[in-house]
Structure formats: C-alpha cells, structure tokens
Amino acid sequence: MEATNTEAVRDVVIVGSGVAGLSAAVYAARADLEPLVLEGPEPGGQLTLTTEVENYLGFPDGVGGMELVQRGKEQAERFGATFRHGVVERASLEESPFALELSSGDVLETRALVVASGASARWVGATNEDEMMGYGLSTCATCDGAFHRGDDVLVIGGGDSAMEEALFLAKFADSVTVVHRRDELRASDIMARRARENESIEFRWNAELSEIHGSQETGVTGATLVTHPAGHPRARLEDGKSVETERVDVGGIFYGVGHVPNTAFLAETPVERDETGYLRTEPGTATETAVPGVFGAGDVMDPDYRQAITAAGTGSMAALDAESWLEERALEDEPTPAAALEASQ
Ligand SMILES: Cc1cc2nc3c(=O)[nH]c(=O)nc-3n(C[C@H](O)[C@H](O)[C@H](O)COP(=O)(O)OP(=O)(O)OC[C@H]3O[C@@H](n4cnc5c(N)ncnc54)[C@H](O)[C@@H]3O)c2cc1C
C-alpha cells in the first residue's frame with residue numbers, strides 16, 4: 001500500500017470519532033502530537049443515536065448524545081486535533097509507520113495508531129426503526145432502561161444479550177416481554193434460567209417485531225408482532241401465510257440481538273481479534289495490541305461494559321500509551337554518542 005498523497009507521516013491517527021476516539025484525541029492533542037481523527041461512517045459514534053445521556057459524569061441534568069460528542073470534538077480541536085471524514089477500508093500494520101487506505105483511495109501514514117472504531121448494534125429491520133431509534137427504541141438497556149420506569153417494554157432477541165437487557169429492564173419496567181423468533185432461547189443456561197425465574201419477564205415465542213408505532217414527539221407507543229408456526233419463521237413470513245399479526249401497546253423497545261465490532265479493516269493485519277471480531281489487547285496491558293504502536297480503545301475491544309464513560313477512559317489510556325510508545329521509539333532511534341560522532345566525521 002503506497003501513500004497516494006503528499007501528506008507527511010503523522011505521529012498519531014485515531015480511527016473513530018465516538019467517545020473513545022474523542023477522548024484519545026484530547027489526550028494526544030494535549031501532548032502536542034497533533035492527532036488526526038478519522039470520523040468514519042458515523043461521526044460522533046453511537047452516542048449520536050440517543051437523545052439523553054444521564055450517566056456521564058459532569059452533567060447532573062443529563063446531556064444530549066449529540067451535544068456530548070460535539071463538545072468533545074470542540075475540546076479536542078482546541079488543543080490541536082484535526083478531524084477528517086475518512087473511512088478506513090484496509091490497513092497495513094506490519095510495522096510502524098503504518099498505512100491506512102481510506103474509501104476515497106487516499107493512503108495515510110502514521111507512526112502510532114489508535115483503533116477506536118466501536119461496535120455497531122444489530123438492528124432487526126422493523127418498519128420505522130430508523131425514525132424511532134433514540135425515541136423509545138434503544139439498543140442499550142443499561143443506558144436507557146431508567147427512562148422506562150413503569151412502562152411495558154419489549155426486548156427483541158433470544159441470546160445472552162437479550163437476557164441481559166431483559167433482566168436489567170425488569171428493575172424499572174412494569175413488564176418486560178422477550179420476543180424471540182424461535183421456540184427456545186439461544187442464551188446460556190444460567191442467563192435463560194435467571195430470565196425465566198424473573199416474575200416481571202414474559203416470553204413471546206415464534207414471534208418477530210415487524211413495525212414500531214409512535215413518533216419522535218410521542219416516543220414509542222406500540223409495536224406490531226407477527227407470530228408464526230414453530231420452526232418456520234422466515235419462510236412463512238415471506239409468503240404471508242400462517243402468521244398472526246398483533247398490535248401491542250408498549251412504551252419502549254430494546255434490541256438485544258448483539259453487536260458487531262467495526263474491525264473488518266483489520267482483517268489482513270497481525271492485530272488479533274477474537275472469534276466475534278472484537279479487537280484483542282495483549283495480556284496484562286490495557287490498550288496494547290499484538291502490533292507495537294497500535295492501540296485499542298472503547299467498544300471495539302470491550303463487549304462487556306459498552307458505556308460512554310468506559311470508552312472515554314480507555315481512549316485516554318490508548319493516547320497515553322501511544323505517547324509513551326512514541327517517546328521510547330524516539331529514544332531507540334536516537335544515535336548513540338559514538339554513532340553520532342562517527343556520522344559527523
Ligand atoms: C441508543 C444508545 C444509547 C446509549 N446511551 C448511552 C448512555 O446513556 N450512557 C452511556 O454511557 N452509553 C450509552 N450508549 C453506549 C455508548 O454510546 C457507547 O458505549 C460509546 O459510544 C462507545 O464509544 P466508542 O468511541 O468506543 O465507539 P462508537 O461510539 O461506536 O464510535 C465508533 C466510531 O468509529 C468510527 N468508525 C467505525 N468504523 C470505521 C472505519 N472503518 N474507519 C473510520 N472510522 C470508523 C465510527 O464512524 C464512529 O465514529 C448508548 C448506545 C446506544 C446505541
């Protein structure tokens with residue numbers, strides 16, 4: 001991969017402008033590393049999908065997701081970070097300086113790289129989901145569950161993610177109905193048992209969410225579910241036969257069908273990923289990957305916590321680690337006094 005433009009090799013490029021990338025940008029910029037942030041397909045990241053963030057430190061009255069990331073961007077720019085609308089398609093990470101190929105065809109070079117490309121929640125394809133995401137439709141119960149005290153809510157999915165969402169929501173909601181397209185759960189035994197034993201959680205088997213009702217003014221007010229004979233989910237739905245359609249009144253819908261880490265561009269690199277694609281850090285380190293000089297931050301390496309504050313935390317750690325790594329490398333590259341003397345003769 002060869003650089004196709006005349007840009008100088010950067011010290012730090014940060015892939016992703018969600019909270020992790022922004023936090024890394026603030027730290028790297030304050031260390032005078034003039035980081036470049038590639039904003040990717042979703043500038044501002046997942047937080048832009050929520051209208052209200054109540055659990056981020058420093059905002060006692062809550063803050064809009066968009067406002068939070070906008071403020072973070074301004075903060076990073078104030079210290080010298082620059083932002084660019086770039087999506088990384090491929091990376092060459094054998095050794096520093098690393099090369100990143102963008103979808104525009106441009107190739108950028110950087111000595112250190114922070115991967116903060118996040119994870120995207122899977123959506124189910126129900127009618128109206130684009131409009132309602134963040135308005136009563138959510139992919140994060142720990143983030144938005146508290147807004148649904150006393151509501152009847154749906155959780156879509158049948159695996160561990162869905163059980164986690166349902167169990168968390170059961171603390172706030174009046175009732176939680178798990179809608180699953182099969183007639184048995186895919187979740188681990190322990191998670192399935194916990195959900196089944198919880199009196200606030202009910203199950204709707206062989207069912208799929210087809211439409212979300214409500215508006216951005218009213219929030220979610222209901223959902224259309226289609227129920228089909230066991231064992232024939234997709235086929236029967238497609239020919240429109242043998243399905244029952246029912247509208248239910250609910251105040252919230254949570255997707256619990258998993259997340260996909262945005263690491264496809266790392267596929268041909270030595271950076272390690274787990275079987276589901278999450279970036280793996282080296283044992284005993286917080287952000288270091290198998291490639292010296294490449295650091296991970298935020299949801300892209302964290303399938304467990306997935307919170308803005310944890311993403312910001314690891315973003316700052318990745319930038320500090322990148323700074324130390326660049327300093328060590330500069331020292332290594334510095335000629336010894338004897339070599340310097342020889343070179344001057
Ligand atoms: C609906 C919803 C509500 C939420 N509410 C809360 C809440 O109230 N409180 C809370 O703490 N957390 C909340 N979260 C979770 C929080 O948003 C995430 O934990 C956080 O955004 C993770 O930050 P991140 O920077 O790691 O990744 P993301 O926010 O996922 O950002 C990833 C970034 O990487 C970029 N990117 C991806 N691929 C590429 C590529 N190939 N090249 C370049 N760039 C790329 C994207 O464009 C994006 O800018 C919520 C999440 C959702 C979906």
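The values are calculated or read from the model by the stated rules, or taken from the named source; none is laboratory data. In this text the structure is predicted, and so the values were computed from the model without any measurement. Reconstructed Cβ throughout: ideal geometry from the backbone, glycine too, with neighbour counts over all protein chains shown.
Within 16 Å of the chain's Cα centre (by Cα) and either crowded, with 23+ Cβ neighbours inside 10 Å or of a type in the set (G, A, S) (or both): is that true of S96 in this structure?
no
With respect to G86, is the statement that it is farther than 17 Å from Y255 by Cα and either outside the structural domain of G214 (by TED's automatic domain parsing) or modelled with pLDDT of 95 or more (or both) true?
Considered against the rule, which asks whether it is farther than 17 Å from Y255 by Cα and either outside the structural domain of G214 (by TED's automatic domain parsing) or modelled with pLDDT of 95 or more (or both), G86 comes out as yes.
Can you pull out the residues in the stretch 37-69 that are more than 11 Å from the ligand (Cβ to nearest atom) and either on the phi > 0 side of the Ramachandran plot or more than 17 Å from the chain's Cα centre (by Cα) (or both)?
Step one: of the stretch 37-69, the residues more than 11 Å from the ligand (Cβ to nearest atom) are 58, 60-61, 66-67.
Answer for the stretch 37-69, where residues must be more than 11 Å from the ligand (Cβ to nearest atom) and either on the phi > 0 side of the Ramachandran plot or more than 17 Å from the chain's Cα centre (by Cα) (or both): G58, P60, D61, E67.
Yes or no, residue by residue, for (1) buried (at least 19 other Cβ atoms within 10 Å of the Cβ); (2) of a type in the set (F, W, Y):
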site: G252; (1), (2): yes, no
site: Y255; (1), (2): yes, yes
site: A286; (1), (2): no, no
site: M301; (1), (2): yes, no
site: A318; (1), (2): yes, no
site: P335; (1), (2): no, no
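All but one of (1) within 16 Å of the ligand (Cβ to nearest atom); (2) not assigned by TED's automatic domain parsing to the domain that holds E89 hold for Y305; which doesn't?
Checking Y305 against (1) within 16 Å of the ligand (Cβ to nearest atom); (2) not assigned by TED's automatic domain parsing to the domain that holds E89, the one that fails is (2).
Filter the stretch 6-36 for residues that are under 18 Å from T82 (Cβ atoms), β-branched (V, I, T) and within 11 Å of the ligand (Cβ to nearest atom) and give the result. Before you say what the answer is, go through the steps one by one.
Residues of the stretch 6-36 under 18 Å from T82 (Cβ atoms): 6-18, 20-36.
Now drop any that are not β-branched (V, I, T), which leaves 6, 9, 12-15, 26.
The answer is V13, I14, V15.
Let's see how each residue does on (1) in contact with a Gly (Cβ under 8 Å, 6 or more places away or on another chain); (2) outside the structural domain of N55 (by TED's automatic domain parsing); (3) free of Cβ contacts under 8 Å to residues at least 40 places away in the same chain:
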residue	(1), (2), (3)
A146	no, yes, no
D160	no, yes, yes
M163	yes, yes, no
F168	yes, yes, yes
R186	yes, yes, yes
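When the stretch 9-24 is examined, which residues are found to be over 17 Å from the mean Cα position of the chain (by Cα) and closer than 16 Å to A311 by Cβ?
none
Looking at (1) more than 22 Å from V300 (Cβ to Cβ); (2) within 9 Å of the ligand (Cβ to nearest atom), which one does G80 not meet, given that it meets all the others?
So G80 meets the others, but not (2).
Please state which of the following conditions H180 fails to meet, knowing it meets all the rest: (1) over 19 Å from S200 (Cα atoms); (2) crowded, with 17+ Cβ neighbours inside 10 Å; (3) touching a strand residue (DSSP E or B) at 6+ places or on another chain (Cβ under 9 Å).
All conditions pass for H180, except number (1).
Any idea which of G40, G44, G65, G18 is out of contact with any helix residue (DSSP H, G or I) (no Cβ under 6 Å at 6 or more places or on another chain) and surrounded by 14 or more Cβ atoms within 10 Å (Cβ to Cβ)? Before you say what the answer is, go through the steps one by one.
Details: G44 fails: out of contact with any helix residue (DSSP H, G or I) (no Cβ under 6 Å at 6 or more places or on another chain); G65 fails: out of contact with any helix residue (DSSP H, G or I) (no Cβ under 6 Å at 6 or more places or on another chain); G18 fails: out of contact with any helix residue (DSSP H, G or I) (no Cβ under 6 Å at 6 or more places or on another chain).
Exactly one residue qualifies, and that residue is G40.
In the stretch 7-27, how many residues are assigned to a loop (DSSP other than H, G, I, E, B) and small (G, A, S)?
Residues meeting the conditions: 4.
Among the numbered criteria (1) modelled with pLDDT under 95; (2) among the β-branched types (V, I, T); (3) touching a Gly at 6+ places or on another chain (Cβ under 8 Å), which one does T142 miss?
Going through the list (1) modelled with pLDDT under 95; (2) among the β-branched types (V, I, T); (3) touching a Gly at 6+ places or on another chain (Cβ under 8 Å), T142 breaks only (3).
Give the residue that is nearest to V176 (Cα to Cα), with candidates limited to residues of the stretch 257-276 that are within 12 Å of the ligand (Cβ to nearest atom) and buried (at least 17 other Cβ atoms within 10 Å of the Cβ).
So the residue we want is H259.
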